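Below you'll find the structure, written out as structure tokens, and then a few comments.
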Amino acid sequence: MLESYVTPLLMSYVNKYIKNLKPSDLQLSLWGGDVVLSKLDLKLDVLEQELKLPFTFMSGHIHELRIHVPWTKLGSEPVVITINTMECILKLRDGAQDDHESGSSSTSRSVSDSSKAVAKPRRIQQAAPSDPDLPPGYVQSLIRRVVNNLNLVVNNLILKYVEDDIVLSVNITSAECYTVDDMWERAFMDITAPELVLRKVINFADCTVCLDKRNASGKIEFYQDPLLYKCSFRTRLHFTYDNINAKIPSVIKIQTMVESLKLSITDQQLPMFIRILQLVIALYYGEIGGHKDSEGDEGSSHVRETAGNVSGMDVDMESLGSDSDMQLSSPEDDDQGWVSWAWSFVPAIVGTAEEGEEGLYQQRETGGITNRPHHHAHKDPIVSIGFYCTKASIVFKLTETLSESSYYSPQKVKSREVLCLEQQGITIEVLMMGEPFFDCQIGIVGCWALCLKSIMGVRDFEENMNRSDEDAVFFSCGERLSSKGMTYLTHSLFDYRSPENNGVRAEFILDTATHKETYTEIAGMQRFGAFYMDYLYTMENSSGKATDNHLN
């Protein structure tokens, strides 16, 4: 029966992240084709362990979880997992709490992990009796198709970050992840030769980001205007494999496209926003949230950082490093630095599911625990991450409190727009291959600053109703997209001319000298026009060479 192979796979995913589930009830519901679970609690320790973020989960709940398995059409229709209303609250991990939990929680987690490692094969063995009618090759192919075409739908996703008096919340009305064909249309696909490619799309609808201030009792007296209101964007994922049996892709491309991004920030939100930026910078330099899960590598590692072609600015790397508050932490202090932390997400994204899938049908075929070694010597995949925005605007607002006649009535706040920054053709591209190579390029095609009120010597619209938009511009650089074209999307998954959209395997420049020759200031300004920056980070594992640390 197909149920004896697919059911343990789905149960392993559900049991991994959700508390208090009865495997027997879940198994019977899955065999019926539909599962509906209500009021579920997430396993917060598992999420923290896998994400490896410097944050801790205060709570995590799922209102309703639905799983639909089309048993009669499992080879042609996807398994659909639907989550209705998921809410998670996070806060920054305390250093003292982290030190305390690193001993106690790691011990408890190691005990639980070891118990799961022993109990899981036995559960799979019991749930999957031998069936001579299904050959092992067919089972392996079937499980691969089920995993590759899994459809995930999330309705009403709520994420909140709480820090002192700051409450940052993200609300996404709906998000869906599904498999697509070479035209990026929804389809039931499998990894086949000679292309050896898997494509997926994630659509996010109505994303709203709010930043509010709470009082001493933890309540928000009045709500500020959202930083971002009902923004929709889509993400394309492109995985390239070396062979049909490969478990980890050799090339991973994850790129997001936003047509219109409208941000707004008030004078009361600005200090809170700056505090969040300072938190991000502190995390970047390893001043807080250091990871203690692994030891530093033995021997010396020489780091070479080169960032070329910063248009319009000259930065001295030594002057940045001279400030004690802005120094980079040593590899032994912050677990080999921020590049190691960023690269740690790759196995969690592409390795865990595939290894679990492989172990599942291997345990099914052998009837117990396999003797296969868990550590494989494989080549680091190439990871390309991109963010593209056609038009973006940031509006700065001033707020004023309105007085009410009643003493007990809540305060009301009115905001008025003062300044607006507009950008067109924004590109942020990151290329990584393991820890030794990291490159980030940022470009903007055009940028304008508009005065919406009577400041900086420009009369506002209220005094001159016939004033055009061009009269409000007091700063401009670059060009319009109408004259520049869609160069900011060059070689992206959203460019119909890119190699991936024409059945050709893309080539990446991973050599420092070739990179400098290719991505020059002239090439960057031809592609963009207003702003271009190229930051390159390389690492050499050799003891005889001196460290080269400079910025061109």
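The values are calculated or read from the model by the stated rules, or taken from the named source; none is laboratory data. Source: prediction; values computed, not measured. Cβ coordinates were reconstructed from backbone atoms using ideal geometry, including for glycine residues, and neighbour counts include every protein chain displayed. To get the accessible areas, we keep the full protein, side chains included, count just its heavy atoms, and leave off ligands, DNA and RNA. Shrake-Rupley method; radii C 1.70, N 1.55, O 1.52, S 1.80 Å.
Think of a 1.4 Å ball rolled over the protein heavy atoms: region 138-287 then has 47 Å² of accessible area per residue. Using R0 = 56 Å, the C-beta based FRET efficiency linking ASP190 and VAL413 works out to 0.55. The string of couplings for region 6-17 from the Karplus curve (6.51, -1.76, 1.60, θ = phi - 60°) is 7, 4, x, 5, 5, 5, 5, 5, 5, 5, 5, 10 Hz, one whole number per residue in order, with x for Gly and Pro.
Cross-link check: pairs LYS200/LYS253; LYS43/LYS200; LYS219/LYS397; LYS219/LYS412 evaluated at a Cα-Cα cut-off of 19 Å; pairs beyond the cut-off: LYS43/LYS200; LYS219/LYS397.
The alpha-carbon positions of region 1-92 define a convex hull whose volume is 100 Å³ per residue. If you plug the beta carbon distance of GLU540 and TYR284 into 1/(1 + (r/R0)^6) with R0 = 22 Å, you get a FRET efficiency near 0.50.
Summarising the amide proton neighbourhood of ASP242: residues at separation of 5 or more, or on other chains, whose placed amide H is nearer than 5 Å comprise SER250. Apolar share of the accessible surface for region 238-288: 65 percent from carbon plus sulfur atoms, 1.4 Å probe.
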